Amino acid sequence: MTQNEFLNIVMPFKDKVFRLAKRLLVSTEEAEDATQEVLLKLWRNKGKIGTYNNVEAFSMTMTKNFCFDKLKSKQAQNLKIVHSNYEEKNTPLQKQVELNDSVSWVERIIQELPEQQRMIVQLRDIEEYDFDEIAKMLDMNNTAVRVALSRARKTIRERLTNTHNYGIK
């Protein structure tokens with residue numbers, strides 16, 4: 001496999017690998033390192049890439065596992081979860097403050113979800129993967145993925161509603 005062939009296969013989903021790593025590791029620098037490691041592992045095993053049914057799903061699984069290993073390591077003590085990728089330019093300041101506050105609350109609520117639900121929300125709602133792909137990546141039943149996503153969304157909705165109705169908790 002030539003370098004150009006490899007890049008044609010890997011480049012379309014490189015950003016998804018980064019976003020998943022950023023969601024799990026929080027730090028942009030750590031996410032960039034994780035993305036680089038995953039792509040390096042894929043390059044080292046470029047001869048085997050043809051044997052994978054779905055290289056993108058395989059790389060997402062690699063990313064998930066690498067990030068979990070990283071979080072389990074002692075270096076994880078320095079990682080803090082922060083995610084901000086929402087920024088709109090033509091909104092009034094008050095509306096922008098409200099939107100940023102809502103996004104911040106949703107981030108906090110997502111971080112409080114169980115790990116499996118957090119992963120499913122990331123893969124489905126942010127990365128926009130199909131249920132079948134998520135089930136394969138997480139080694140779960142398709143129905144279990146749907147149930148976990150439904151429960152996660154319900155939790156997010158309820159907590160966000162409570163926050164807006166009753167103020168800061």
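The values are calculated or read from the model by the stated rules, or taken from the named source; none is laboratory data. Everything quoted here is computed from the prediction, not taken from an experiment. Cβ atoms come from the backbone with ideal geometry, glycine included; neighbour counts cover every protein chain shown. For accessibility, only protein heavy atoms count, side chains too; no ligands or nucleic acids. Shrake-Rupley method; radii C 1.70, N 1.55, O 1.52, S 1.80 Å.
Which residue is nearest to Ile110 (Cα to Cα), if the candidates are limited to the range 21-39 and must be among the hydroxyl-bearing types (Ser, Thr, Tyr) and open to solvent by less than 40 Å² (accessible area, probe 1.4 Å)?
For the range 21-39, the residue satisfying everything is Ser27.
Which residues, counting only those in the range 46-70, are part of a loop (DSSP other than H, G, I, E, B) and either open to solvent by less than 70 Å² (accessible area, probe 1.4 Å) or in contact with a Gly (Cβ under 7 Å, 6 or more places away or on another chain) (or both)?
Tyr52, Asn54
Residue-by-condition table, conditions (1) open to solvent by less than 40 Å² (accessible area, probe 1.4 Å); (2) at pLDDT below 90; (3) in contact with a Phe, Trp or Tyr (Cβ under 9 Å, 6 or more places away or on another chain):
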position	(1), (2), (3)
Gln116	no, no, no
Ile120	yes, no, no
Glu128	no, yes, no
Phe131	yes, no, no
Ile134	yes, no, no
Val147	no, no, no
Arg153	no, no, no
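Check the range 2-19 and report whether any residue there is assigned to a helix (DSSP H, G or I), of a type in the set (A, V, I, L, M), touching a Ser or Thr at 6+ places or on another chain (Cβ under 7 Å) and over 22 Å from Gln122 (Cα atoms).
No, every residue in the range 2-19 fails to be assigned to a helix (DSSP H, G or I), of a type in the set (A, V, I, L, M), touching a Ser or Thr at 6+ places or on another chain (Cβ under 7 Å) and over 22 Å from Gln122 (Cα atoms).
Condition test on Val82, is it at pLDDT 80 or above, open to solvent by 70 Å² or more (accessible area, probe 1.4 Å) and either closer than 27 Å to Thr35 by Cβ or part of a helix (DSSP H, G or I) (or both)?
When the stated conditions are applied, Val82 does not pass them.
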